[in-house]
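Enquirer: Below is one structure. I have some questions about it.
The values are calculated or read from the model by the stated rules, or taken from the named source; none is laboratory data. Since the structure is predicted, the reported quantities are computational estimates derived from the model, not experimental observations. Don't worry about glycine lacking a Cβ; one is built from the backbone with ideal geometry, like all the others, and counts go over all protein chains shown.
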Amino acid sequence: MPTVLALETSCDETAVAVVRDRHVLSNVVSSQITIHQQYGGVVPEVASRQHLETMNWAIAQALQDSGLQWSGIDGVAATCAPGLVGALLVGLTAAKTLAMVHQKPFLGMHHLEGHIYASYLSEPDLQPPFLCLLVSGGHTSLIYVKDCGQYETLGATRDDAAGEAFDKVARLMQLGYPGGPVIDRLAQDGNPNAFALPEGQISLPGGGYHPYDSSFSGLKTAMLRLVQTLQKDTNVLPVADLSASFQAAVAKALTKRAIACALDYGLSTITIGGGVAANSGLRQHLQQAAAAKNLRVLFPPLKFCTDNAAMIACAAADHLSRGHVSLLTLGVQSRMELSDVMQLYGDVTQLYGDRP
Ligand code: KG4
Ligand code: ZN
């Protein structure tokens, strides 16, 4: 498979990586979290500026760490959707420039396809079809992975994404940003059964509930009410018990839907991607439930679960090996369905003539 250098700047990580044959040759991730923490969340304009400042260093470092020269790189890729448009533009423009200067094919990438490909980095022999539970700050989806570029979303959140719910609940308990890792840490010392919380089911018009869709806004409101009531009664919030109960509610809801979906579609492997895949409660719940049903679950290492460019390079290499290349006129998009991913590519010979 080709060797690809990829850039990822869809949110608050400036990341550059080189991947060959699903093996990571270099993986540079410069997180902006400490800068955004003072604002309680990601400030898009600040993120774009920070990407600009860090990008040149990150590219040079990733190339150096890979031990390769530009002659050893077969293609340059960058995330172009979905994400913060200003932030995406920095990475996409840099990748197009590198592709032009070094005369390499250029590929615009879908961020969520990258999260799916994180599983191939830890399991290079993984073969579709499989089910991917994608849980990040902006997305909560169950994706039927049929082949490279062929995806069907079978389940999704109707409101907040799982990571967003972690961040909002952490904020209402004044635990800081990002909320997921803090809640995960506090939950280790808490009782997951301390508080009864709603599951967030989606009613169907004909009765019953949607088997794969989820909702986290009811859970978030229940947490808000609980915190307000507890604050009236006590000076010190039982944050460990609250965190453990909330985390267990999210983990149970996601696990139930993922298992049902895999069984209904006859998929024996579930992979997991996105920042919330780092959650220890979710890992434990899903692992146990899957084992009970003889399903295989693949969790990529934590460094590939949160935003990184290695997962983008891995996906790009697969596309490039099939002759998929993007036009240099490709733009960024804040939103884009995963099922539309093939709109990003044309045939290599149509786009570049005889040039590889
Ligand atoms: O995939 P990601 O790095 O960026 C997006 O594409 O959104 O995911 C970030 C999200 C944040 O909401 C963060 O709170 C959550 O992942 N997260 C976690 C954990 N680590 C990160 N959520 C729960 N438990 C964790 N250990
Ligand atoms: Zn992400």
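Enquirer: Of all residues in region 117-135, which are within 15 Å of ligand 2 (Cβ to nearest atom) and not in a helix (DSSP H, G or I)?
Expert: C132, L133, L134, V135, listed by residue number.
Enquirer: Quickly run through region 299-324 and pick out the residues that are hydroxyl-bearing (S, T, Y) and either within 18 Å of C132 (Cβ to Cβ) or surrounded by 24 or more Cβ atoms within 10 Å (Cβ to Cβ) (or both).
Expert: T306
Enquirer: In region 220-255, what residues are without any contact (Cβ under 8 Å) to a residue 24 or more places away in the chain and either within 16 Å of ligand 2 (Cβ to nearest atom) or more than 18 Å from G180 (Cα to Cα) (or both)?
Expert: Listed by number, the residues that qualify are R225, Q228, T229, L230, Q231, K232, D233, T234, N235, V236.
Enquirer: In the set A94, A118, which member is buried (at least 20 other Cβ atoms within 10 Å of the Cβ), small (G, A, S) and within 13 Å of ligand 1 (Cβ to nearest atom)?
Expert: Within the list A94, A118, the selection yields A118.
Enquirer: Might you let me know whether region 5-15 holds any residue that is within 15 Å of ligand 1 (Cβ to nearest atom), outside any strand (DSSP E or B), buried (at least 19 other Cβ atoms within 10 Å of the Cβ) and hydroxyl-bearing (S, T, Y)?
Expert: Checked against the condition, which is being within 15 Å of ligand 1 (Cβ to nearest atom), outside any strand (DSSP E or B), buried (at least 19 other Cβ atoms within 10 Å of the Cβ) and hydroxyl-bearing (S, T, Y), region 5-15 yields at least one hit.
Every residue, every condition in (1) in the same structural domain as Y209 (by TED's automatic domain parsing); (2) closer than 19 Å to D184 by Cα, yes or no:
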| residue | (1), (2) |
| --- | --- |
| E123 | no, no |
| S136 | yes, yes |
| I143 | yes, no |
| K146 | yes, no |
| A156 | yes, no |
| G163 | yes, yes |
| L172 | yes, yes |
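Enquirer: Additional query: Condition (residue is loosely packed, with under 15 Cβ neighbours inside 10 Å, touching a residue at least 60 places away in the same chain (Cβ under 8 Å), out of contact with any helix residue (DSSP H, G or I) (no Cβ under 8 Å at 6 or more places or on another chain) and under 16 Å from T9 (Cα atoms)) applied to region 21-34: is it met by at least one residue?
Expert: yes
Enquirer: Consider A240 against the criteria (1) touching a Ser or Thr at 6+ places or on another chain (Cβ under 9 Å); (2) in a helix (DSSP H, G or I): it satisfies all of them except one. Which criterion is unmet?
Expert: The number of the failed condition is (1).
This table checks each residue for (1) over 21 Å from R283 (Cα atoms); (2) within 16 Å of ligand 1 (Cβ to nearest atom); (3) assigned to a strand (DSSP E or B).
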residue: G137; (1), (2), (3): no, yes, no
residue: Y151; (1), (2), (3): yes, no, yes
residue: A170; (1), (2), (3): no, yes, no
residue: L175; (1), (2), (3): yes, yes, no
residue: P192; (1), (2), (3): no, yes, no
residue: G206; (1), (2), (3): yes, no, no
residue: L219; (1), (2), (3): no, yes, no
residue: Q231; (1), (2), (3): yes, no, no
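Enquirer: For region 271-278, indicate whether the set of residues that are more than 14 Å from ligand 2 (Cβ to nearest atom) and either closer than 27 Å to D74 by Cα or among the small types (G, A, S) (or both) is non-empty.
Expert: Looking through region 271-278, none of the residues is more than 14 Å from ligand 2 (Cβ to nearest atom) and either closer than 27 Å to D74 by Cα or among the small types (G, A, S) (or both).
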